[in-house]
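Have a look at the structure below, then the notes.
The values are calculated or read from the model by the stated rules, or taken from the named source; none is laboratory data. Not measured: the values here are computed from a predicted model. Note: ideal-geometry Cβ built from the backbone for every residue, glycine included; neighbour counts use all protein chains shown.
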Amino acid sequence: MLRYWVTDHPLPQLVCISVLDNLNEGRDLWVLVLGRFPKEHRIGIPEFKYVANMHGDEAVGRELLLHLIDYLVTSDGRDPEITNLINSTRIHIMPSMNPDGFEAVLKPDCFYNKGRDNSNFYDLNRNFPDAFEFNNVPRQPETVAVMKWLNTETFVLSANLHGGALVASYPFDNGVPATGTLYSRSLTPDDDVFQHLAHTYASRNPDMKRRNPCRTKIEFPSGIVNGYFWYPLKGGMQDYNYIWAQCFEITLELSCCKYPRKEKLPSFWNDNKDSLIEYIKQVHIGVKGQVFDQNGTPLPNVTVEVQGRKHVCPYRTNKFGEYYLLLLPGSYVIEVTVPGHNHHLTKVTIPPKSQNYSALKKDILLPFRGQLDHIPESDPLCPMIPLYRNLQSHSAATKPSLFLFLVTLFHILCK
C-alpha cells in the first residue's frame, strides 16, 4: 500500500517512503512522509508523526493510519482543510513499529496475544531510556531505530497509537516526588498543553469521551488521563520523546478490544477520523521562529525555552537555528541562552487561534555574534541516565489543584 501511494498514485510528489531499520526477522520499519516537500525539512514547516502497532497485537492503530494516509492523499486539492494542512505540515506516519509482533498474532483476541512483544520477547514500550530510574534492559532494534529517527528530524508533535482501552494518556508515565507523585500523578512543565492535546483528541471521539466505554474498574473523566496516575511504567516512548527529542507525544488507546474482528474496522475509522486530523493541526499552536546573531547568521544548538517551564533537558534550536514551542494562548517570556553571553529575553503573546495553520512566527535577533565554533554540539547535562533522580523542585504544575484532588479522590473511591 505504501509503495502504491509513492509510485502509482496520481500525485506521487506528495509522499515518499523511508526505511528505518531491518528487524530480527528480516522485516523493515516503514515510514511514509507526506507534505509539499516530503523528502526534506523546510524552514518553518513543523514535523509531525504518528506511530502505531508498537504492541504487535494492538492492531487497530495500524489500520487507522493506513486509512489516514489514503484519506490525506485523496483529499489533497479537493478538501481545503486537508490541502492547507499538507501545505503547512510535514507528516510522518509509521503504521507498524512492531511488524514481527504483528505477524506472531495467532488469532483475534481482545485481551492478550503473544504478539504484544517483539520477536525477542521485549515490550517496546518499556525499552527506552528512562528519566526517572535506570532502565538497563537491552535496547531492541525497533527502539534503536526510533531513537535514531528522532535525532534526524525536528519533530514537534506526535502520538503513539495503542489498544486495550479508550483514553488519551499524557506524560509523564513515570515520575518522582518533584514531578508530583505524592499526589498520584507525574506532571511535565507543559501540563496545560498536554491536557489540551489529550482533550483535543478525546473530545472528538464519540466513544472515548463517554464515562466508561470499556466497562472497566477505572473511569477516565472526559477520556483523558495522566499516564502515571493511570499506572506508572518505566522506559515508555512518550516520556523519551518529550525529554530527549523535544517532541510532545501522547499515547492514544483507541479500542477496548486489542485485536477486533475485521468487520469492526470501518466503525473505528469513523470514530477516529476527525480526531486524527484535528490532532495534527495542534502542531501549529504556540510560537516558532529562528534565532540569529547580529550578522543574521542562524544559530544552531542554542537553548530556547519559556520562563517558568524549563525542561530538565533544555530545548535547543536545530541546525537551521529553528525553534518550535507548543503553547496555549497567552503571554510568555522566551529566554534564549548562548554560552558566554547573558540570557536574551523576548516577550510574546500567543493569539487565541493559530494563524492560518501556523504558529505565531517570532524570529529572535541577538545583539552579538554567535561564535558558532564555540557553541557545543551536544548537551552534557542530558546524558542517558535518570535526569530527575536528584531534582528537588519542579514546575508549579505539580502542585495540587482542586480538579486533580477530586480526580484523585474519585480514583481512590473506585478502586
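Among all residues of region 85-93, there is at least one that is within 17 Å of the chain's Cα centre (by Cα), surrounded by 16 or more Cβ atoms within 10 Å (Cβ to Cβ) and of a type in the set (A, V, I, L, M). Summed over region 341-355, the residues that are modelled with pLDDT of 95 or more, of a type in the set (Ser, Thr, Tyr) and either in contact with a Phe, Trp or Tyr (Cβ under 7 Å, 6 or more places away or on another chain) or surrounded by 14 or more Cβ atoms within 10 Å (Cβ to Cβ) (or both) give a count of 1.
The residue pairs whose first member lies in region 172-187 and is buried (at least 24 other Cβ atoms within 10 Å of the Cβ) and among the acidic types (Asp, Glu), whose second member is at pLDDT 95 or above and assigned to a helix (DSSP H, G or I), and whose beta carbons are closer than 8 Å, counting only pairs six or more residues apart or on different chains, are Asp173/Gly227; Asp173/Tyr228; Asp173/Gln238; Asp173/Asp239. Annotation note: of Leu66, Leu157, Leu124, the sole residue that is under 16 Å from Leu233 (Cα atoms) and either of a type outside the set (D, E, K, R) or at pLDDT below 95 (or both) is Leu124.
Would you mention how many residues in region 120-130 are in a loop (DSSP other than H, G, I, E, B) and either in contact with a Pro (Cβ under 8 Å, 6 or more places away or on another chain) or in contact (Cβ under 8 Å) with a residue 24 or more places away in the chain (or both)?
7
Residues being touching a residue at least 24 places away in the same chain (Cβ under 8 Å) and of a type outside the set (Gly, Ala, Ser): count how many of those fall in region 131-142.
Going through region 131-142, the residues touching a residue at least 24 places away in the same chain (Cβ under 8 Å) turn out to be 131-135, 137, 141-142.
Within this subset, residues satisfying the condition of being of a type outside the set (Gly, Ala, Ser) are 132-135, 137, 141-142.
The number of residues fulfilling the criteria is 7.
Contact map, region 260-281: residues that are of a type in the set (A, V, I, L, M) paired with residues that are buried (at least 17 other Cβ atoms within 10 Å of the Cβ), Cβ distance under 6 Å, separation 6+ or inter-chain. Pairs shown: Leu265/Glu63; Leu276/Leu68; Ile280/Phe48.
Looking at Val156, Val105, just one residue is surrounded by fewer than 20 Cβ atoms within 10 Å (Cβ to Cβ), among the hydrophobic types (A, V, I, L, M, F, W, C), touching a Lys or Arg at 6+ places or on another chain (Cβ under 9 Å) and touching a residue at least 60 places away in the same chain (Cβ under 8 Å), and that residue is Val105.
Please pick out the residue among Lys281, Lys234, Lys288 that is closer than 25 Å to Phe48 by Cβ, touching a Lys or Arg at 6+ places or on another chain (Cβ under 7 Å) and not acidic (Asp, Glu).
On the way: Lys281 fails: touching a Lys or Arg at 6+ places or on another chain (Cβ under 7 Å); Lys234 fails: closer than 25 Å to Phe48 by Cβ.
Residue meeting the stated conditions: Lys288.
Within region 177-200, is there a residue that is at pLDDT 95 or above, part of a loop (DSSP other than H, G, I, E, B) and under 24 Å from Asp57 (Cβ atoms)? No, the conditions are met nowhere in region 177-200. Counting only residues that are hydroxyl-bearing (Ser, Thr, Tyr), touching a Gly at 6+ places or on another chain (Cβ under 6 Å) and assigned by TED's automatic domain parsing to the domain that holds Lys264, give me the helices (runs of 4 or more DSSP H) lying completely in region 22-119 with at least 3 of them. Hits in region 22-119: none. Evaluating Asn318 against the criteria (1) in contact with a Ser or Thr (Cβ under 6 Å, 6 or more places away or on another chain); (2) polar (S, T, N, Q); (3) not in a loop (DSSP other than H, G, I, E, B) leaves one unmet condition, (3).
Residues in region 200-215 include none that are more than 15 Å from the chain's Cα centre (by Cα), among the aromatic types (Phe, Trp, Tyr) and closer than 18 Å to Leu64 by Cα. For region 304-340, the tally of residues that are under 16 Å from Phe368 (Cα atoms) and surrounded by fewer than 16 Cβ atoms within 10 Å (Cβ to Cβ) stands at 3.
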